[in-house]
Amino acid sequence: MDKTWNNKAWFLVLPVLVLVAFSAVIPLMTVVNYSVQDTFGNNQFFWAGTEWFEELLHSDRFWAAMGRNLIFSFIILAIEVPLGIFIALNMPRKGWGVPVCLVLMALPLLVPWNVVGTIWQVFGRTDIGLLGYTLNAIGIDYNYVRDPFDAWMTVIVMDVWHWTSLVVLLCYAGLVSIPDAFYQAAKIDGASRWSVFRYIQLPKMQRVLLIAVLLRFMDSFMIYTEPFVVTGGGPGNSTTFLSIDLVKMALGQFDLGPAAAMSLVYFLIVLLLSWVFYTVMTNYDAER
Amino acid sequence: MAGVNERTEQAVAAQAGSQKSSSGMSQDAIARLMRRRGEESKWWWVVPTLYIVFLMLPIYWLINMSFKTNSEIISSLTLYPHEPTLRNYRIIFTDASWYSGYINSIIYVVINMVISVAVALPAAYAFSRYRFLGDKHLFFWLLTNRMAPPAVFALPFFQLYSAFGLIDTHIAVALAHCLFNVPLAVWILEGFMSGVPKEIDETAYIDGYSFPRFFVKIFMPLIASGIGVACFFCFMFSWVELLIARTLTTTDAKPIAAVMTRTVSASGMDWGLLAAAGVLTLIPGALVIWFVRNYIAKGFALGRV
C-alpha cells in the first residue's frame, strides 16, 4: 500500500512515544549513569570512567555466563526448529483435529513462566515427580539438583516443552497458506515427498521460519525465570545464564556499577541482534 | 445423411466418454491428493498425539498433585489421587493472602492491557497509513523494547518507581509492562490495519467524517478481531511475566506468581498447595485461547504472518 507523506501522523504516535520513553529511556539513562560511577553507599558517587567495563570484559564470570547462554540458545534452536517443522508437517489440515491441536499445543505458551519452572521442578524430582522417579526406576541415575548434566537436560527439555509450539504454530500458519495448485502441480510432475518439502513447503515457510528462529534465539538469550525456578542457576554455576547472573549481581549483591556495565553490554548485544532481525525482516517484506 | 448422423453420434459419444473418463480421473487424482496432503495415511494422528501427550504429561502431573493430600504426595507415587481432596483449593479461596495474589495479578494485567491497546491504536494507524519523519527508526526502536531483557530493566525500574513513590502499586507494574506490551500491540494492530483497504478511509473522509468519528465508528469495528488479538497478547505477556512484577511489589500488589514461592513452611514444602496455585494460574490462558486459536501464530510473529 502506498502511504502518504504526512508529518502530522507524529501526533498519533506521541502517546506511545511518551509512554515507552518513560519506561525505557529513563531507566536506561539510570543504567548509563551507574555504569560510569562508583559508590560507597550513602548516595555518594564517584566518577569511575570505563573501569567497570574493563573489569567486565576481563571477567571470566561474564564470559562463562555468555558462553553458557550461547550454547543453550544453539541447542534450543537445533532441537526446536526441526522438531517444530516436523510436527507442523504432520498436523491435520481440516476437520475437528485442527482446533484441538491448535488449542492444546498453544497451552504451554500461556503458562506463567515461573509456573513452567514449578511444573518441571516438581515433574523432575526424584521423590515426587513422575519423570525423575521413572528415570531412576529404569536405572538411569538422574538428579537435576546435584548433577550439572541432568540440570542442563532438564532446562533444555523444559524449554522444548515450553516453546516448540511457537515454531509449530508459525510453520503451520505458513503451510496452510500454500494453495492446492502447488501440490497438484507437484503431483503431475511426480515429485517425491522430499522434493515437495524441499521445493514447495520449505520456501513457503521461509518467512515464518525466519521469525521463529529469531524470536526463539532472542527469547532464549534472555531466559531468566524458568531455569531460575528449577535450578536457581546451579548446581554451582552450571546453569547460570546471563540474565540470572545479572539479577544476582544487581538485586542480590547491589553491585550497582558492575551490574549497570553488564546491563549495557547485554543490552547492546540484544540491540545488535534486533537490528539484524529488523533488517532481514524488512528486506524480506520489500522483496515480496 | 445416415452416415453423417452416425458420425455425429459417434463424436458426441466419444466426447461424452472422454469427459466421463477425464472427470473420473480427476476425481481419483483429487482423492489421492487429499490422502497425500494432511491425511497422509490413517496414521497421520500419531505425531500430533505423541507431541500433545508430551505437552500434557507435566500439566497432568501438576493437576494430579493439586488434588492430593501432602502425605499422599510424599509417601507414594500415585498416578491419580487415591484420596481426592479439595483442601488445597479451599485454602487458596479462603485465605486472603492467597486469593489477593490473583486479584492483584488481574488488576495490573487489565490496567496494562487497557493502556497498551489504547495508546497503540492511533500509533498503529499512523504507521499503517502514513510515512513521516523518522517512522522507520521509531518502529525499530519500539521493536528493541520488545526484545530488551527484563533483567536489564529490573534495577532501574525499582529505582525509578521508588522515586515516584509507586512501589507496590498496581499502576507501577502496569506501566512497567508497557515496555514490551505497547510495541507488541503496535505491531499486531499495524498488521491487521494494513489489511484494511485505504479506500475506506478516503471514502469516509469524503462523506464528511472527522478523523476521531471515522476511527471509532467505522475503522475500529473493521479491525475488531485485531483489537481482540492485541488485547489477548497484552494480557498474556503481562500475565506470564514475573521478574519485573516481583521486583516492583512487596505486599499490596504482589502477583500470584510471586505469592507461590511462600509455600515453604516450617513443616516442609506444601506441595499440594503449590500445585493448586499453579493450576489456577493456567485457567485464564486456557479459557481465552479458544477465541484466538486462528490468530495465535500472527500474534507471536508480531503481526507478520
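Side notes on the structure shown:
- Cross-link partners of residue A:187 among lysines (Cα-Cα below 26 Å; sequence separation of 8 or more within a chain): A:94, A:204, B:20, B:42
- For the chain pair B and A, buried accessible area totals roughly 9800 Å², probe 1.4 Å, rounded to the nearest 100.
- Distance between modelled label sites at residue A:26 and residue A:63, nm, 7 Å Cα→Cβ extension: 3.9 nm
- Spin-label model distance (nm) - residue B:77 vs residue A:5, 7 Å beyond Cα toward Cβ: 7.0 nm
- Every Cα-Cα pair of the range A:175-218 was included, and the share exceeding 14 Å stands at 53 percent.
- For the range A:1-91, the pair-distance distribution built from all alpha carbon pairs, in bins 10 Å wide starting at 0, is 12, 17, 20, 24, 22, 5, 0 percent.
- The aspartates and glutamates whose alpha-carbon is closer than 18 Å to the alpha-carbon of residue B:217, local same-chain residues fewer than 8 away aside, are B:199, B:201, B:202, B:207.
- Taking the range A:61-287 and dividing mean pair separation by its residue count, relative contact order in percent (alpha carbons under 8 Å, at least six apart): 28 percent
- Shielding by partners, peptide A:247-255 (average Cβ within 10 angstrom, other chains): 3
- Protection proxy ranking, highest mean first, for peptides B:232-238, B:95-101: B:232-238, B:95-101, where packing is the per-residue count of other beta-carbon atoms within 10 Å, averaged.
- Multiplying the residue separation of residue A:47 and residue A:75 by 0.36 nm and removing their Cα-Cα distance gives an extension gain of 5.9 nm.
- Interface burial in the range B:40-59 reaches 40 Å² or more for B:44, B:47, B:48, B:51, B:52, B:54, B:55, B:56, B:58, B:59, comparing the full protein assembly with the chain by itself; accessible area from heavy atoms with a 1.4 Å probe.
- Efficiency of FRET from Cβ geometry, residue A:83 and residue A:137, R₀ 35 Å, rounded to 0.05: 0.85
- By average C-beta atoms within 10 angstrom, highest first, the peptides A:114-124, B:50-60: A:114-124, B:50-60
- Residues of type lysines that residue B:68 reaches as a straight line, Cα spacing below 29 Å, ignoring anything fewer than 8 places off in the same chain: B:254
- Using the Cα coordinates of chain A, the gyration tensor eigenvalues translate into equivalent-ellipsoid semi-axes of 39, 31, 16 Å, sorted from longest to shortest.
- For the protein assembly as shown, the direction-averaged projected area of the alpha-carbon convex hull comes to 37.5 nm².
- Peptide packing: for A:272-284, A:255-267, the average count of neighbouring Cβ atoms within 10 Å per residue gives the ranking A:255-267, A:272-284, highest mean first.
- Each label was represented as a point 7 Å from its Cα along the Cα-to-Cβ direction; for residue B:210 and residue A:191 these points are 5.6 nm apart.
- Per residue, the accessible area of the protein assembly as shown comes to 44 Å², computed with a 1.4 Å probe over protein heavy atoms only.
- Calculated FRET value between residue B:287 and residue A:94, using beta carbons and R₀ = 25 Å, to 0.05: 0.50
The values are calculated or read from the model by the stated rules, or taken from the named source; none is laboratory data. Because the structure is predicted, anything quoted here is derived from the model rather than measured. Here the Cβ is made from the backbone with ideal geometry for all residues, glycine too, and neighbour counts use every protein chain on show. Note: areas computed on protein heavy atoms with side chains; ligands, DNA, RNA excluded. Shrake-Rupley method; radii C 1.70, N 1.55, O 1.52, S 1.80 Å.
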